[in-house]
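The values are calculated or read from the model by the stated rules, or taken from the named source; none is laboratory data. All values derive from a computational prediction rather than experimental measurement. We place every Cβ from the backbone using ideal geometry, glycine too, and count neighbours over all the protein chains shown. Please note that ligands, DNA and RNA were not included when accessible areas were found on the heavy atoms of the full protein model with its side chains. Shrake-Rupley method; radii C 1.70, N 1.55, O 1.52, S 1.80 Å.
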Protein chains: 2
Amino acid sequence: MAIKKLAILGSTGSIGRSALEIVRRHPDRFKIAALAAGKNKSLFKRQVEEFKPKVISLSDEKDINEVRRNLSYSPKSHCGDEGLLEVATCDGMDTVVSALVGASGLAPTMAAIRARKDIALANKEVLVMAGGLVMEEARKNKINLLPIDSEHSAIFQSLVGHKREDIKRLILTASGGPFLNMPIKKLSAITPKQALNHPKWKMGKKVTIDSATIMNKGLEVIEAMWLFDMPPEKISVHIHPQSIVHSMVEYIDGSIVAQLGPTDMKGPISYALAYPDKRIDCGIAPLNLCEMDQLTFMEPDEKRFPALRLAYEAIEAGGIMPVVLNAADEVAVEAFLERKIKFTEITKIVESVMEKYQNQKSKTQNPKLNQILEADRWAREAAREIIKQQ
Amino acid sequence: MAIKKLAILGSTGSIGRSALEIVRRHPDRFKIAALAAGKNKSLFKRQVEEFKPKVISLSDEKDINEVRRNLSYSPKSHCGDEGLLEVATCDGMDTVVSALVGASGLAPTMAAIRARKDIALANKEVLVMAGGLVMEEARKNKINLLPIDSEHSAIFQSLVGHKREDIKRLILTASGGPFLNMPIKKLSAITPKQALNHPKWKMGKKVTIDSATIMNKGLEVIEAMWLFDMPPEKISVHIHPQSIVHSMVEYIDGSIVAQLGPTDMKGPISYALAYPDKRIDCGIAPLNLCEMDQLTFMEPDEKRFPALRLAYEAIEAGGIMPVVLNAADEVAVEAFLERKIKFTEITKIVESVMEKYQNQKSKTQNPKLNQILEADRWAREAAREIIKQQ
């Protein structure tokens, strides 16, 4: 096996750090060619010193210059959106770990695909916003697009070797988050601190709040639709509080193939990085099913989790509506974290912005990148307006 | 897809009848070329009239002649061991459903492999007794050997598309049978009627009793060892009383791929018959995980289930010892069903015969068919002797 050369978009985030742990453990399999991060310059500098990438980038010019001055070697350094593109497309690199948060990862991921890099995709908004475009480019450029979400990795692993036409449906599991059993009328009083305390997974803030509202699962349904080319009616969601079965595929003969594993993102990350070569031991404690809680599954309660309905409605509306859903959610989650709105208002704001879009804007069924980015800006602005008026 | 032409060894048994149900449902995929059964001549006659195979066979000459006289057409008819061989090797047939009970299926299954027929194998004793020989012939003749056991079908479905060298271990699940929670000291008083009342699966008598002693799982460990070419230390057993997860494969990165399904043998049978073509809807009610009991797993209790230890000991001893285990078990189960011995004596008799073999017989590590059949006869006789002395 040749050593795989990686670029990481978002190296100081939760996924980026885990990816680097795997690289550290397997220098015979991986090498870091390029790193990009946002504002965490002290951690970024340590990462750069350790892995010695040839290309580096941070959001601010001042930060990258400061990091560069104190390095023991001289990589090519960049900043801002341009820097993300440089990292995502640099020469002599095979695979981009796309692990930025939110809409910012879309353009560099598209650029990486066009530069014929394989993609290990953690940044689900890339597919939520531009699934049609991204998958078309991926096909055209014959690259591998491997999911880093635990759910989509589970589906990928439950699909390989089986026939597409045999699929009855995909079943995404959702932990249900920390408020699965809280009386519904108490949900409005939830604080950011409570919502950030996910019972099963350690993740970034945005995705943790999205798990609590279950919007995360809505985004994942959209992601799965594009990634596996499945119509929404063939994608179901089961609440599975133990987060052990990461997702499943049901086949037409009644057989269900499922992937189980520890709740550690190093599992799906290492699978995506290693694919299609031999799997790697990423140092996770193995799952002992005999020492675990019973496993349970239930249908999601629509009253408790309106976000899931909104996601299916966005898919139904098609075109740009998933972009609107995603952008409004990003703004609303931020406002909730800043204590500007209540927990239950997150999905209400998303719904209001979707309604406003439905009434005001012309519909585009196969949006281009500029239309997507414009809709993204519009929906953010619309969400901010609504929040201001609260 | 060409229509697959099937021969069924054991058409009136539980697996044979289910296979015929599937064929009945999918005349566009399957045709019955040959049928063989034992003594149930009335059901056999109805099956022959319905499916019009060209070759038929029953155990007794008198029975097959009687059936033949009353048929509306004239198939080639045979009887006894010779008849099984004719059915297993007849011309213009693609796949043999090997669903006889016990040692009787070994010779016809070997003959079928040598005649380059694919095998859908329900008759686990074929591999338990002669796994080395059978797998060697299967490789040499380049045939597909598909398991019909629910556990091995689950492992097969959890392995396709994945890499052999990535496997950490196979995990066979076992329901634990009807006496999982009975106080151990009460086990000796169990009646055949109690033991035949399996909580999850409707199966033949022999395999139902073997499920109650868990000897069935021991035989399946041996079967898995041959079928998937795995050393015994890479095969584990988990008790899983709900029988929903039919078995699993754990990979070196901590990922576990599992197959779940309804407790209906038509699932694994249809998978084996359809492979490698498109799966078929076999009319089983789909599994609704949200309406089900919690799923639990536990380590098997060796005191309650000595059979599992005996199976691993037989593997450890190697050579002919699994033949001895299997033959002694067959005789002991029969004696229990005839109320000649107690439930707890089944495994004691197996252990005694294994000890006797260990002390008396010369060891052969790569037994030939005649040595296997001789050891089978010897162990049956030894078991009968012990039962007589009780």
Item checked: Flag if B:L106 is hydrophobic (A, V, I, L, M, F, W, C), open to solvent by 10 Å² or more (accessible area, probe 1.4 Å) and under 29 Å from B:N65 (Cβ atoms) -> no
Next item on the list: Please work out which one of (1) among the hydroxyl-bearing types (S, T, Y); (2) open to solvent by 20 Å² or more (accessible area, probe 1.4 Å); (3) more than 9 Å from every other protein chain (Cβ to nearest Cβ) is the condition B:T296 fails and give its number.
Entry: (3)
Next item on the list: Tell me which residues, restricted to segment B:213-257, are open to solvent by less than 10 Å² (accessible area, probe 1.4 Å), among the acidic types (D, E) and more than 13 Å from chain A (Cβ to nearest Cβ).
Entry: B:E220, B:E223
Check: Of everything in segment A:125-148 that's crowded, with 24+ Cβ neighbours inside 10 Å and away from chain B (no Cβ under 14 Å), which residue is farthest from A:L219 (Cα to Cα)?
Finding: A:A130
Notebook entry, point to check: When only residues in segment A:302-314 that are modelled with pLDDT of 95 or more and open to solvent by 40 Å² or more (accessible area, probe 1.4 Å) count, which is farthest from the other protein chains (Cβ to nearest Cβ)?
Noted result: A:E313
Check: Just for segment B:109-120: of the residues that are under 17 Å from B:W226 (Cβ atoms) and touching a residue at least 40 places away in the same chain (Cβ under 8 Å), which one is surrounded by the fewest Cβ atoms within 10 Å (Cβ to Cβ)?
Finding: B:M110
Item checked: Residue satisfying all of: in segment B:169-190; touching a residue at least 40 places away in the same chain (Cβ under 8 Å) and out of contact with any helix residue (DSSP H, G or I) (no Cβ under 7 Å at 6 or more places or on another chain); nearest to B:I252 (Cα to Cα) among these -> B:I171
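Looking at B:A120, B:A103, B:A111 in this structure, which one is assigned to a helix (DSSP H, G or I), under 21 Å from B:I148 (Cβ atoms) and modelled with pLDDT of 95 or more?
Working: B:A120 fails: assigned to a helix (DSSP H, G or I); B:A103 fails: modelled with pLDDT of 95 or more.
Residue meeting the stated conditions: B:A111.
Would you be able to say whether some residue in segment A:166-173 is within 14 Å of another protein chain (Cβ to nearest Cβ) and open to solvent by 20 Å² or more (accessible area, probe 1.4 Å)?
Taking segment A:166-173 and keeping what is within 14 Å of another protein chain (Cβ to nearest Cβ), we get A:166-173.
Then drop every residue that is not open to solvent by 20 Å² or more (accessible area, probe 1.4 Å), which leaves A:168-169.
So far as segment A:166-173 goes, yes, one or more of its residues are within 14 Å of another protein chain (Cβ to nearest Cβ) and open to solvent by 20 Å² or more (accessible area, probe 1.4 Å).
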Check: How many residues are open to solvent by 70 Å² or more (accessible area, probe 1.4 Å) and out of contact with any Leu (no Cβ under 8 Å at 6 or more places or on another chain) when one looks only at segment A:18-49?
Finding: 7
Checklist line | Residue ID - most open to solvent (accessible area, probe 1.4 Å), chosen from residues in segment A:50-98 that are of a type in the set (A, V, I, L, M) and outside any strand (DSSP E or B) | finding: A:L85
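Looking at segment A:272-286, which of its residues are within 7 Å of chain B (Cβ to nearest Cβ) and either modelled with pLDDT under 95 or open to solvent by 20 Å² or more (accessible area, probe 1.4 Å) (or both)?
Of the residues in segment A:272-286, the ones within 7 Å of chain B (Cβ to nearest Cβ) are A:278-282, A:284, A:286.
Selection gives A:K278, A:D281, A:C282, A:I284, A:P286.
Kindly indicate which of A:A383, A:A307 is within 20 Å of the chain's Cα centre (by Cα), in a helix (DSSP H, G or I) and closer than 18 Å to A:G102 by Cα.
Unique residue meeting the criteria: A:A307.
How many residues are small (G, A, S) and not in a loop (DSSP other than H, G, I, E, B) if we restrict to segment A:271-290?
Step one: filter segment A:271-290 for residues small (G, A, S), giving A:272, A:274, A:283, A:285.
Next, from what is left, pick out any that are not in a loop (DSSP other than H, G, I, E, B): A:272, A:274.
Result for segment A:271-290: 2.
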Checklist line | Cross-chain or 6+ apart pairs with Cβ under 9 Å, segment B:339-356 first and over 10 Å from B:A328 (Cβ atoms) and touching a residue at least 24 places away in the same chain (Cβ under 8 Å), then among the acidic types (D, E) and in a helix (DSSP H, G or I) | finding: B:K340/B:E334
Notebook entry, point to check: In segment B:284-297, is there at least one residue being touching a residue at least 12 places away in the same chain (Cβ under 8 Å) and within 25 Å of B:L9 (Cα to Cα)?
Noted result: yes
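Return the only residue of B:H162, B:H152, B:H198 being in a loop (DSSP other than H, G, I, E, B) and open to solvent by less than 20 Å² (accessible area, probe 1.4 Å).
Details: B:H162 fails: open to solvent by less than 20 Å² (accessible area, probe 1.4 Å); B:H152 fails: in a loop (DSSP other than H, G, I, E, B).
Only one candidate qualifies: B:H198.
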Checklist line | All positions within segment A:211-231 that are closer than 24 Å to A:I190 by Cα and out of contact with any strand residue (DSSP E or B) (no Cβ under 9 Å at 6 or more places or on another chain) | finding: A:A212, A:T213, A:M215, A:L219
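Here's a check for you: in segment A:318-362, which residue that is part of a helix (DSSP H, G or I) and polar (S, T, N, Q) is surrounded by the fewest Cβ atoms within 10 Å (Cβ to Cβ)? So that I can check it myself, show each step before the final result.
Filtering segment A:318-362 down to residues part of a helix (DSSP H, G or I) leaves A:321-337, A:345-360.
Applying the additional criterion that residues be polar (S, T, N, Q) yields A:326, A:347, A:352, A:358-360.
Numbers: A:N326: 26, A:T347: 22, A:S352: 17, A:Q358: 13, A:N359: 7, A:Q360: 9.
Among them, the one singled out is A:N359.
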Next item on the list: Please work out which one of (1) under 17 Å from A:K124 (Cβ atoms); (2) hydrophobic (A, V, I, L, M, F, W, C); (3) not in a loop (DSSP other than H, G, I, E, B) is the condition A:M203 fails and give its number.
Entry: (3)
Note to self: Can you find a residue that is small (G, A, S) and in contact with a Pro (Cβ under 6 Å, 6 or more places away or on another chain) anywhere in segment B:40-63?
What the structure shows: no
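Scanning segment A:260-271 for residues that are open to solvent by less than 10 Å² (accessible area, probe 1.4 Å) and facing chain B (nearest Cβ under 8 Å), which turns out farthest from B:G267 (Cα to Cα)? Quick ask: steps written out before the conclusion?
Pass one, segment A:260-271, residues open to solvent by less than 10 Å² (accessible area, probe 1.4 Å): A:260-261, A:269-270.
This time we only want the ones that are facing chain B (nearest Cβ under 8 Å), so: A:260-261, A:270.
Details: A:L260: 22, A:G261: 25, A:S270: 33 Å.
Applying the filter and picking the extreme gives A:S270.
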Next item on the list: Given the conditions (1) buried (at least 18 other Cβ atoms within 10 Å of the Cβ); (2) part of a helix (DSSP H, G or I), report the number of the one that B:K186 does not fulfil.
Entry: (1)
Next item on the list: Kindly provide the set of residues from segment A:51-75 that are of a type in the set (S, T, N, Q) and modelled with pLDDT of 95 or more, ordered by number.
Entry: A:S57, A:S59, A:N65, A:S72, A:S74
Check: Is there a residue in segment A:126-144 that is under 21 Å from B:D253 (Cβ atoms) and in a strand (DSSP E or B)?
Finding: no
